[in-house]
Each structure stands twice: as C-alpha cells, then as structure tokens.
1. What is the distance, in nm, between label points placed 7 Å from the Cα along the Cα-to-Cβ direction at GLU250 and at THR79?
2. R0 = 30 Å: FRET efficiency of ASP291 with ARG137, Cβ-based, nearest 0.05?
3. Using a 1.4 angstrom probe on heavy atoms only, work out the carbon and sulfur share of the accessible area of region 57-162 in %.
4. Using only Cα atoms, what Kirkwood radius does the chain have, in angstroms?
5. Taking the mean number of other Cβ atoms within 10 Å as a proxy for protection, how do you rank 246-255, 220-229, 172-181 from highest to lowest?
6. Taking the simple approach of a point 7 Å from Cα along Cα-to-Cβ for both THR39 and THR121, what is their distance in nm?
7. Going 7 Å from the Cα of GLN282 toward and past its Cβ, which residues in region 2-46 have a backbone nitrogen under 19 Å from where you end up?
8. Need one number: nm distance between label points at ALA9 and ILE31, each 7 Å from Cα along Cα→Cβ, rounded to one decimal.
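The values are calculated or read from the model by the stated rules, or taken from the named source; none is laboratory data. Because the structure is predicted, anything quoted here is derived from the model rather than measured. Neighbour counts run over all protein chains shown; Cβ positions are idealised from the backbone, glycine included. Side chains included, ligands, DNA and RNA excluded: accessible areas come from the protein's heavy atoms. Shrake-Rupley method; radii C 1.70, N 1.55, O 1.52, S 1.80 Å.
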Amino acid sequence: MAVRPLTLAWVGRHLELGERIVRTEVLHGGITAEMRRLTIGTRDGGTRHLVLRSFVDPFYMGHAEDWLNREAGALTLLTGTGVPAPGLVAVDPTAAHCEYPSLLMTHLAGRTVLDDEGLETRVPLLARQLVAIHALRPTERPREYVALTTADTVVTPKGADAAAWASAIDVIRRPAPPYEGRFLHRDFQPGNVLFDVPPPRSAGARIAGVVDWAAASWGPADLDVAHCSTNLALLHGPAWGLRFAEAYEEAGGVLAAAASERLYWQVRDGLACSEEVRSVAQPWRVAGRTDLTTRAVEERLDAYVTTVMDALG
C-alpha cells in the first residue's frame, strides 16, 4: 500500500526547501506499525533517507497516541546523549494531519543481524549498549513500566514441562520486588538493534543504532535485561538467554542482588512471550530465519523457562 496523500503532504512540509520525496520502500520486521524508508532528493542533487512509522492496523490504533508520544519524547531525550538513536523530525500522534497516526524520524544506517554466526561477539556489544541506556538520567522521567502479562493470561505451550511452568506462574503471582528505577528501552532485543557489519577480515561489528523507542519506560534494569535474554533464547537457544545477563554485569550493569528477585523478572518476561509467540516468530521468518516456526519458538520458550527455573529457582 502506497503512502497516503495527506501523509505525503505532511512529510513534505517537514522537508528542507527544494527537497522532495523520490522513493518509498516498505521496511519489514515491525509488528505494530507500518514502517517505510523515504528517499529524499536534496537540492544539490543527492539523496538522504527518513523513516515513516504509521499505525494503520485498527488492532493497535488505540495505543498509537501513547506510543508515538512516548517515542517522540524518548528520541528528543536521546539527542546528544551518545546513544545511537534516530532523530525526531515530526510527529502526528492523533492523525490530525495524516490519514493515520504517524512519526517521521531520521534514518540510521546498519541492519539487524539475527543469525547464529558471530553471536559470541554481538552479545557483549548488546550488553554494553543496554548498560549505556540504563545510565541515562533524564530530567523528566518517562511513565512507569507496564507489565505485559499476568499469572492468569499465560499460555503454556503444548507439550511443555507442566511442573516448571506451574512453578514459574506461581513466581509472578507474587508482588513485584522493590527496585531502583532506570530509563528503559522496554523492547531492547536484536530485532531493534542495527549493526554496522564490516567486510570480511576487517575489525568487528559495531552497533550503529537502536530503534523502536515507543515503549520507553521507567523501571528495573532487570526487566530490559530479561526481555533481551528471552529474545536471545528464542533466536539462538536457552543458554544465550542466561549468557546475556552475565554479559550485562560484565559490562558494568547492576542487576537485583537476590536470586529470587532476578528470577521474578526473568520469568515474567519469558511468560509474557507465551501470549505472542506467533507474532514474534513471523517477522523473524520474514527476515530469513525460516527455521523459527511458531512451534520451534514454542519449544525454545519451554526450554528457556525450564532452564531459568533450574538456574535461579
């Protein structure tokens, strides 16, 4: 579906004098919003790129205003911090000017990397980047984090270890442990990190950008770590979920002191994923991980929850 006329006109009003849109391209990987890269023709005959996020799916429309305002606030906060994030160009959270609620931002070079190859190098990079995000001290805090699941909404995968899942569900029936608040990305995981992947035989990869700040929140560092751990476990196997928490501490990050508190956050995020396995797996397959069928991801989630319960429970 092409970019709609009102949206094109809105984008045009935020370009430099003499610039014009010369091409639009769908970006794959987003779950909640339609993402497009816009190629902008500049006055000197060159080009630059912007990214347009539009909430076109009625299912997510009710959240669009909140998410876009939060992302706009986060991108403004991140300007000049050293965290490689897009720059905010314009936002229309209520579709006052566009056909759909939309946000326009600068484009970051780089690409997501979801392959197993090179993972032992990328995990420490991810950990160091998350430590840097958590070190930010905004003058105005974002809203408090929102839990993504409850004990009564968990979907136990078919054939899962029933005893382990029952114990895990009991863990999140407890009140949340006390925590020292941090600035959270809230969806920090390999699908939202862009790598500048060098040619063979050159120096190692580096992180070129962190995207999708629509859920930026204030909460425990453990929750961001748990979310990335779960994603790594589903992409690459349960051991990598546990490895990420270690890498985060090796990079100088501080997690909850008590094992029972760490268990609470790790389990809470793993169980939250149980409700959306299909929507999580589909973009990964589009990105080339055709091995990650819904069933394969369910099996890895079961193995991960069991592993976490064995390691921390």
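1. 3.7
2. Efficiency at R0 = 30 Å is approximately 0.15.
3. For region 57-162, the apolar C and S fraction of the accessible surface comes to 53 percent.
4. Evaluated over the chain, this radius sits at 20.5 Å.
5. Working: 246-255: 17.2, 220-229: 26.1, 172-181: 12.6.
Going from most to least packed, we get 220-229, 246-255, 172-181.
6. Using points 7 Å along Cα→Cβ, the separation is 3.0 nm.
7. Label zone hits: 2, 26-36.
8. The two pseudo-label positions are separated by 3.6 nm.
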